[in-house]
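The values are calculated or read from the model by the stated rules, or taken from the named source; none is laboratory data. Because the structure is predicted, anything quoted here is derived from the model rather than measured. Glycine also receives a Cβ, built like all others from the backbone with ideal geometry; neighbour counts cover every protein chain displayed. Please note that ligands, DNA and RNA were not included when accessible areas were found on the heavy atoms of the full protein model with its side chains. Shrake-Rupley method; radii C 1.70, N 1.55, O 1.52, S 1.80 Å.
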Amino acid sequence: MRLGKLDGKIFAMGNGYFPSYLIIGERIAMVDAGVTVMGPIYKKDILSLTPNGKIDFLLLTHSHFDHCGAIPYLRRNLPPFKVLASPIAKEVFRKEKAMEHIINLNREVEEIAPPQNEDISIDRIDVDVELREGDFIDLGEGIKIEVLETPGHTRCGLSFYIPSKKAIFFGEAGGVIEKDGTIRPQFLSSYNQYVNSIEKMKKLDIEIIGLAHGGALIGEDAKNYLEKSLKETILFKERIIEYFRKYRDREKVIDVIAEEDFKNISQPRTPYILNLQASVSTIEKEFPEEITINQV
């Protein structure tokens with residue numbers, strides 16, 4: 001997995017765990033904005049790659065805390081730009097409890113990696129333009145970004161595909177790669193929608209994937225990724241169902257999976273457990289008949 005120059009027009013910024021992506025045409029787009037502590041790092045990278053730190057668009061794959069945290073800092077420290085996201089993400093940012101959750105999870109990261117004498121605080125996150133399936137963002141110089149609705153990880157999930165570059169940025173709609181090289185599925189809002197989203201993306205010609213965490217994949221690694229991700233998704237679903245049948249208790253299923261898997265997880269424990277709880281609950285909700293087979 002890579003950072004830095006991915007193509008003559010595409011760059012992976014930030015660090016391995018919180019990468020962001022810069023797409024440069026006549027206009028410039030940034031994909032996702034990590035956590036609060038990444039703001040100064042993104043700013044430095046943007047200043048090194050663009051004239052006067054000017055970006056035109058910041059595209060959000062979804063509304064989770066680790067994809068939007070640096071937006072307020074970048075708003076305060078760069079020339080004006082527009083934030084583009086789904087209508088659902090826009091509504092999430094308007095909810096007081098959702099924003100409290102985003103702020104609190106970012107503060108946990110700040111405790112691990114304290115800010116260096118910079119104001120990285122979040123006050124609010126505003127979406128300027130709503131994006132939907134089939135929309136295009138034309139950056140000029142032959143670079144058009146196609147918008148795909150890819151729910152399943154979240155209800156607000158979008159992916160961004162550049163046909164001319166065979167490049168895609170899907171947040172966690174296609175899972176994440178862990179320290180041991182395995183792909184960890186991320187169906188937090190709907191398993192069925194998550195699978196459908198992967199199937200949609202699999203039909204695309206892909207040679208570059210900008211992952212949500214870990215950097216980018218190039219060439220054969222990118223071409224084969226979504227097929228592998230789909231297989232891992234099905235296996236994880238089957239594993240959750242097996243544990244439900246064995247333990248007959250949601251919390252026990254979560255505890256056992258966390259005990260088995262967390263040693264290979266690069267994510268902080270709190271968001272990992274929250275995500276695992278959501279995935280287990282999703283399977284329980286969508287496959288009740290399979291879960292109760294062989295139960296007395």
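Here are some notes:
- Meets criteria (small (Gly, Ala, Ser), modelled with pLDDT under 95 and assigned to a loop (DSSP other than H, G, I, E, B)) for Ser121: yes
- Residues being farther than 24 Å from Gly142 by Cβ and either open to solvent by less than 10 Å² (accessible area, probe 1.4 Å) or in contact with a Gly (Cβ under 7 Å, 6 or more places away or on another chain) (or both) - total across region 20-42: 8
- Subset of region 187-212 (residues that are touching a residue at least 60 places away in the same chain (Cβ under 8 Å) and more than 25 Å from Tyr17 (Cα to Cα)): Asn192
- Search result, residues across region 238-296 that are assigned to a helix (DSSP H, G or I), open to solvent by 40 Å² or more (accessible area, probe 1.4 Å) and small (Gly, Ala, Ser): Ser281
- The residues of region 213-234 that are outside any helix (DSSP H, G or I), on the phi < 0 side of the Ramachandran plot and open to solvent by less than 10 Å² (accessible area, probe 1.4 Å) amount to a single one, Ala216.
- Of the criteria (1) farther than 28 Å from Glu26 by Cα; (2) in contact with a Lys or Arg (Cβ under 8 Å, 6 or more places away or on another chain), which one Arg94 fails: (2)
- Unmet criterion (only one of (1) without any contact (Cβ under 8 Å) to a residue 40 or more places away in the chain; (2) exposed (fewer than 15 other Cβ atoms within 10 Å of the Cβ)) for Ile103: (2)
- Each residue in region 128-155 was checked for being surrounded by 23 or more Cβ atoms within 10 Å (Cβ to Cβ), touching a helix residue (DSSP H, G or I) at 6+ places or on another chain (Cβ under 7 Å) and over 26 Å from Asp221 (Cα atoms), and 0 of them qualify.
- Some residue of region 162-177 being open to solvent by 60 Å² or more (accessible area, probe 1.4 Å) and polar (S, T, N, Q): yes
- Extreme residue, nearest to Asn196 (Cα to Cα), among residues of region 124-167 that are among the β-branched types (Val, Ile, Thr) and outside any loop (DSSP other than H, G, I, E, B): Val147
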